[in-house]
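As structure tokens, the structure follows; a few thoughts come after it.
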Ligand code: GLY
């Protein structure tokens, strides 16, 4: 216990002494290394690991575990995610630690006898969960690239679980929204036994014990040991939804990242089972053909051009995206210049709005939550890491594994639970994303790295369910085409179109531009004003070779570095 406390404490105090921390500053710069995430504690931990000589992978592993404690609405050990990384002396890599459907899952598991979707079943409670991948993912990153002892990287998380972290206004608001469900599913629990206020310190002793076991035994504890036993025990009351075989069989998979070119920049992003990389590269290709750089930033023509490209990409997503270990995803075809040029030609020029009902997925020939969280890290050794991780909705399935203190994901809702029926993000899918045992559900998570002349230019990603892809897209456009700084880019109002439903979503602040909204309405869009879109954590290399943070003010995002 003393070891856990003191090591976590040393890491944190070494960071404090360097005055390396910025929270909601206008712009924050560092010269050597930087970590940006949804929580101050995680970013400080990342910077402290880098300060001690660890690399970006060490920092990322430590940050992931700290987020599991200090950002329980999305940080996790009960969920999964993706990493895109640029190791110093290797080709870029991608790691898929997405959840898998358990063996008991099947295509009709969320349907009643009449074949209708049972409301909420894929979102709330035990059967909403896929087999978690995060612990295996972190272990795999550490096995391949880590330089510091595994156990040391988990100490800061143990420290925050034992000694607590201070809840922010946003934490309390988000917790309030799920308090009844957390109570009804779990009975009295750590999140609901008192009415939490901003400024209170939340301690999680059961989670601390789980993290101590993971520090000692690695994934053996989570997938075969005591934590596995607690998960299995939790699932016993629910038809053994996840059992020991599901846990033992879980694997994280190294995949080849997708690469594309956009105005001379190299875009490195996540392949399937994420839809994010394919959609992002499709949209970027269309926007370059449509000469997006000639349009005034966030003008009527700019928004129409971007939104129409988004609609075409999301239509393809609905038909073709699935787990590449189960179906043949036509990645090469969907990204081929011939296919995209044909799609653009069929579409015409985006000077007018085409209703979603007139857009269909393209024809391929020769088939070859909203809560989630993203963090970005760069070190002074040439490594860059971009990780998006999730339990899907805020507080996932709301199931807290008894005596283990962590929340299970509700990622099963990212499958097409019935072809053509919308999931919680309004996204539809078909056969390619149907449920099968062991299969991974399609994701929108889009961890991305941009290079310029072979050097890291930008590390970027965001939460936001279906809006992840378009949030990442807008950071690339703002920075690469409109030459904005990283924080400036984060601060700009965002918009989003996903083909179906046929709405142009705009953040609240667009209401200040009533003339533009009127023009968008006249152009043919049905406008929906909605809560903030995305919470970006990004890093940009400036022209004078500094790192600039993008720590989104829509959340409590924070940067730390030196
Ligand atoms: N759970 C959100 C996503 O993976 O897209």
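For segment 117-231, what class follows from the C-alpha gyration tensor (a ≥ b ≥ c being the square roots of its eigenvalues): rounded when a/c is under 1.5, otherwise prolate if a/b is larger than b/c, else oblate?
Oblate is the answer for segment 117-231, as a/c is 1.5 or above yet b/c matches or exceeds a/b.
With viscosity set to 0.692 mPa s at 37 °C, what whole-number translational diffusion coefficient in µm²/s follows for the chain from Stokes-Einstein and a Kirkwood radius over Cα pairs?
Calculated translational D: 141 µm²/s.
In units of 2.2 N^0.38 Å, what is the alpha-carbon radius of gyration of segment 406-497?
1.33
Using a 7 Å offset from the Cα along the Cα-to-Cβ direction at both residue 147 and residue 112, what is the distance between the two label points in nm, to one decimal?
Label-label distance for residue 147 and residue 112, simple model: 5.9 nm.
Determine the calculated [θ] at 222 nm for the chain from helices alone, applying -39500 (n - 2.57) to every DSSP H run no shorter than 4 residues and normalising by the residue count; nearest 500 deg cm²/dmol.
Result for the chain, helices only: -10500 deg cm²/dmol.
With each pseudo-label sitting 7 Å past Cα toward Cβ, what's the residue 254-residue 346 distance in nm, one decimal?
Reported label-point gap for residue 254 and residue 346 is 3.8 nm.
Quick one: which of 335-343, 428-436 comes out on top by average Cβ neighbours within 10 Å, and what's the full order, highest first?
Ranking, from highest mean packing down: 428-436, 335-343.
Assign one of three labels to segment 31-186, namely rounded, prolate or oblate, based on the Cα gyration tensor with a ≥ b ≥ c the square roots of its eigenvalues; rounded applies when a/c is under 1.5, prolate when it is not and a/b is larger than b/c, and oblate otherwise.
Oblate shape, in that a/c is at least 1.5 and b/c is the bigger or equal ratio.
So if I average 1/r over every pair of distinct C-alpha atoms in segment 171-244 and take the inverse, what Kirkwood radius in Å does that give?
14.3
With the alpha-carbon atoms as the only input, what is the per residue convex hull volume for segment 321-474 in Å³?
179
Restricting things to alpha carbons, tell me how big segment 412-453 is in terms of Rg and Dmax, in Å.
Taking only Cα atoms of segment 412-453, I get Rg and Dmax of 13.6, 45 Å.
Which of the peptides 61-67, 159-165, 95-101, 285-291 is most tightly packed, and how do the rest follow, judged by the mean count of other Cβ atoms within 10 Å per residue?
Answer by packing, highest mean first, reads 61-67, 95-101, 159-165, 285-291.
Give me the distance between the Cα centres of segment 294-351 and segment 399-418, rounded to whole Å.
One Cα centre to the other: 31 Å.
Order these peptides, 107-113, 482-488, by their mean beta-carbon neighbour count within 10 angstrom, highest first.
Ranked by mean Cβ neighbours within 10 Å, highest first: 482-488, 107-113.
Among rounded, prolate and oblate, which fits segment 430-562 when a ≥ b ≥ c are the square roots of the eigenvalues of its C-alpha gyration tensor, a/c under 1.5 means rounded, and a/b larger than b/c means prolate?
oblate
Beyond 23 Å, what share of the Cα-Cα pairs of segment 38-125 is found? Please give it as a whole percent.
Here the long-distance tail beyond 23 Å is 45 percent of all Cα pairs in segment 38-125.
Going by how many other Cβ atoms sit within 10 Å of their own, how do 28, 320 line up, fewest first?
Fewest to most other Cβ atoms nearby, the residues stand as 28, 320.
Can you give me the Cα centroid spacing of segment 531-552 and segment 457-479 in angstrom?
Going from one Cα centre to the other spans 10 Å.
At what distance in angstrom do the alpha carbon centres of segment 29-45 and segment 493-508 lie from each other?
The two parts, judged by their Cα centres, are 30 Å apart.
As a footprinting exposure proxy, order 300, 476 by other Cβ within 10 Å, with the fewest listed first.
If I rank by nearby Cβ atoms, fewest first, I get 300, 476.
Just so you know, all these numbers are worked out from the coordinates, no wet-lab data involved. Everything numeric here is computed off the predicted structure, so don't read it as measured data. As a convention, Cβ positions derive from the backbone with ideal geometry for all residues, glycine included, and neighbour counts pool all protein chains shown.
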